[in-house]
Amino acid sequence: MYQGIHSQHAPKAIGPYSPAVKLGDFVYLSGQLPIDPLTGELVKGDMYEQTYQVLRNMEAVLQEMNLEFRHIVKTTVYITDLSQFTKFNEIYATVFAEPYPARSTVQVAALPMGAMIEVEALVIDTLAYEAQMHHHHHDHDGCGCGGHHHDEDEEGCGCGGHHHHDHEGCGCGGHHHHDEETCKCGKPMDECKCQGTCEGDCDCDCEK
């Protein structure tokens, strides 16, 4: 079931509808009118003032979900006079950046309360995805298969193998310890007199 979204900093709905509804990651923002939330009345002024108020009201509803204008993917603009469209665009462009959301614009005969402009929007809540990507890039510096690089202690590839400064190993778990090399007899090199160089023709301890 979807959730109704309301804001104390945006105008109250003037009918049986929610200022916005949220269903999963999708948010449907109802058409916002240039109403001052403090007075409940239409703001006085021309297209500049009305457009500015509409955008402020949209922002207030978005902030209730910790969202911003950048989360809007599509707007629909209803305007009573297309000759005022340039003025509308001047203010509209101050809150959006490339890539701009998709948009449809329709001239209508009239809008509620005698407004010149109304804007509705489709919004996608990507906050969880953004947090996941931030965590991945800053806390896990590794290859795609899961290997990690630890700054000083060890290095590893995706197979799970690690390179420690005192030993090396591959993903199968085999290790080569620099201070524990063995000769053919199986003794550590530091205990074998021939150091593994004989072929059975010396009298070192390992051949006896």
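None of the figures in this text is laboratory data; all of them are computed from the coordinates on show. Computed from a predicted structure; not experimentally measured. Cβ atoms come from the backbone with ideal geometry, glycine included; neighbour counts cover every protein chain shown.
Taken over region 45-67, the residue count meeting the criterion of being in contact with a helix residue (DSSP H, G or I) (Cβ under 6 Å, 6 or more places away or on another chain) and not aliphatic (A, V, I, L, M) is 3. Before we move on, is ALA10 within 25 Å of the chain's Cα centre (by Cα) and surrounded by 12 or more Cβ atoms within 10 Å (Cβ to Cβ)? Here the answer is no, as ALA10 does not meet what is asked.
Report yes if some residue within region 22-39 is in contact with a Phe, Trp or Tyr (Cβ under 6 Å, 6 or more places away or on another chain) and either free of Cβ contacts under 8 Å to residues at least 60 places away in the same chain or in a loop (DSSP other than H, G, I, E, B) (or both); otherwise report no. Looking through region 22-39, at least one residue is in contact with a Phe, Trp or Tyr (Cβ under 6 Å, 6 or more places away or on another chain) and either free of Cβ contacts under 8 Å to residues at least 60 places away in the same chain or in a loop (DSSP other than H, G, I, E, B) (or both). Scanning region 40-49 for residues that are of a type in the set (Asp, Glu) and in a helix (DSSP H, G or I) yields a single hit, GLU49. Could you say whether any residue in region 62-85 is surrounded by fewer than 20 Cβ atoms within 10 Å (Cβ to Cβ), within 25 Å of the chain's Cα centre (by Cα) and free of Cβ contacts under 8 Å to residues at least 24 places away in the same chain? Yes, region 62-85 contains at least one residue that is surrounded by fewer than 20 Cβ atoms within 10 Å (Cβ to Cβ), within 25 Å of the chain's Cα centre (by Cα) and free of Cβ contacts under 8 Å to residues at least 24 places away in the same chain. Is at least one residue of region 34-47 closer than 17 Å to VAL95 by Cα and either surrounded by 15 or more Cβ atoms within 10 Å (Cβ to Cβ) or polar (S, T, N, Q) (or both)? Taking every residue of region 34-47 in turn, at least one turns out to be closer than 17 Å to VAL95 by Cα and either surrounded by 15 or more Cβ atoms within 10 Å (Cβ to Cβ) or polar (S, T, N, Q) (or both).
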